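Everything below concerns the one structure shown next.
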């Protein structure tokens with residue numbers, strides 16, 4: 001699809017052009033209305049969509065639309081404004097605009113709008129391919145965007161709810177574009193004290209400050225030739241945001257205590273659960289940095305928006321368990337898959353993973369049951385029947401006697417659950433039949 005961008009702001013124009021090209025659109029960028037008029041007079045190709053700022057240095061966007069040839073006016077026009085009002089929207093729609101967006105621009109929403117103008121929101125090349133991030137259309141589209149990035153070193157912004165899988169997406173992007181051999185360095189902006197973030201990112205020389213007893217390479221240096229993943233960028237101190245902006249512009253860093261700049265080649269992937277455009281309005285995030293990091297914006301939807309991915313993810317987690325615990329293999333049933341799909345998973349992929357690991361660890365049978373999954377994640381693990389007695393009333397007994405009674409109770413429950421079939425029970429417990437028989441004999445289980 002051919003898109004013409006008319007935008008006089010150099011930061012926003014560059015960011016939008018790069019993003020549109022990476023999304024697969026054929027994009028041209030005009031810095032003012034006169035450039036667009038000149039292109040139309042030269043009979044250059046007619047765009048399918050025009051994305052234009054309303055306030056241009058030489059004329060208003062809607063007036064430009066009216067002055068262009070009919071073939072250009074017939075394109076889908078989307079306007080960008082810094083002060084959207086209901087009256088303005090009504091006027092724009094009355095003059096033939098398809099839609100309008102306000103600044104700071106929600107680039108992800110704009111891309112979704114543009115993809116919706118195409119015959120399919122999911123590229124045909126990915127519809128039949130093996131799933132990497134998920135089986136849903138949205139996750140397949142994300143994977144398609146990753147593949148189109150290739151070996152470009154464009155900055156990427158990943159947004160999504162906590163636990164949705166932002167780091168997994170970043171690692172997938174790294175693997176498929178730069179390869180496993182390139183370094184991948186991850187840091188969470190909230191995991192470091194504000195006083196240490198700069199030193200950890202840029203490194204420091206010996207003696208740069210009290211306690212700097214040796215040279216320390218920062219994360220930019222460690223990631224040179226690969227990827228630096230900065231999670232929770234929305235929580236980075238404003239003072240450090242300015243220094244980060246300079247690195248993005250020049251790709252040069254300077255260790256603390258040094259005056260020697262160093263060139264680094266690093267793909268920067270940023271992630272946040274916050275709405276950065278709202279943080280910009282509130283003054284908590286620099287607008288120029290926002291546009292600089294928002295070159296490629298990938299949104300990871302929460303699980304509630306892609307329920308078809310839930311069984312697929314659950315099977316992946318079980319397969320990982322089986323690979324690391326070959327003697328205690330687990331499997332899912334259609335009933336369990338349906339139950340998993342019906343849950344809300346407020347903690348997203350992280351909560352689902354924890355649920356599956358807990359079920360695989362504690363389930364008495366090889367086939368997971370809904371009862372194995374339904375226990376709240378914050379519930380304590382019960383070792384046996386609860387006693388109404390207070391701790392001071394519980395009689396003290398030798399440890400071996402206590403462990404013997406708990407083992408007997410656990411094996412009896414497993415046998416009862418499997419109708420006392422020795423072979424099936426042994427498989428569920430991850431032990432041999434002989435081992436189970438010996439335990440039953442030792443514990444006097446009839």
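The helix-only estimate of mean residue ellipticity at 222 nm for the chain, built from DSSP H runs of length n ≥ 4 each weighted as -39500 (n - 2.57), is -13000 deg cm²/dmol after division by the residue total. Looking at the range 2-115, the pairs of alpha carbons with a distance over 25 Å make up 12% of the total. Against the longest alpha carbon principal axis of the chain, how many degrees, from 0 to 90 and to the nearest 10, is the axis of helix 348-362 turned? The angle comes out near 10 degrees. What list of whole percents do you get for P(r) of the range 150-301, with Cα-Cα distances grouped in 5 Å bins up to the one holding the largest distance? Reading upward from the zero bin: 2, 9, 19, 22, 21, 15, 8, 4, 1, 0. Using 0.36 nm per residue and subtracting the Cα-Cα separation, the extra length available between residue 88 and residue 273 on full extension is 63.5 nm. Axis of helix 399-417 versus longest Cα principal axis of the chain: the two differ by about 70°, to the nearest ten degrees.
For the chain, the longest principal axis of the C-alpha atoms and the axis of helix 10-22 are separated by about 60°. Calculated on the alpha-carbon coordinates, the convex hull of the range 304-373 measures out at 73 cubic angstrom per residue. Estimated from the Cβ-Cβ distance and a Förster radius of 41 angstrom, the FRET efficiency linking residue 305 and residue 26 is about 0.90.
What separates the Cα centres of the range 325-375 and the range 133-185 is a distance of 26 Å. Between residue 245 and residue 182, the FRET efficiency from the beta-carbon distance, with R0 = 22 Å, is close to 0.35. Computed from label points 7 Å out along Cα-Cβ, the spacing between residue 258 and residue 342 is 6.0 nm. Length gained on full extension, residue 213 to residue 154, computed as 0.36 nm times the residue gap minus the Cα-Cα distance: 17.7 nm. Ordering 37-45, 227-235 by mean Cβ neighbour count within 10 Å, with the highest value first, yields 227-235, 37-45. The rule of thumb for compact globular proteins, 2.2 N^0.38 Å, goes into the C-alpha radius of gyration of the chain 1.30 times. Computed over the range 2-115, relative contact order equals 23 percent, with contacts defined as Cα pairs under 8 Å that lie 6+ residues apart.
Mean sequence separation of contacting Cα pairs (under 8 Å, at least six apart), scaled by the length of the range 150-301, corresponds to a relative contact order of 37 percent. If R0 equals 45 Å, the separation of the Cβ atoms of residue 41 and residue 319 corresponds to a calculated FRET efficiency of about 0.15.
Any chance you could run the full-extension gain for residue 95 through residue 162? It's 0.36 nm times the residue separation minus the Cα-Cα distance, nm to one decimal.
Value of the extension gain: 20.0 nm.
Contact order, relative form, for the range 304-373: 40 percent (alpha carbon pairs under 8 Å, 6 or more residues apart, mean separation divided by residue count).
Here, each number is a calculation from the coordinates, and none is a lab measurement. Predicted model, so just to flag it, every value in this text is computed and none were measured. Every residue, glycine as well, gets a Cβ built from its backbone with ideal geometry; the counts of neighbours run over all protein chains shown.
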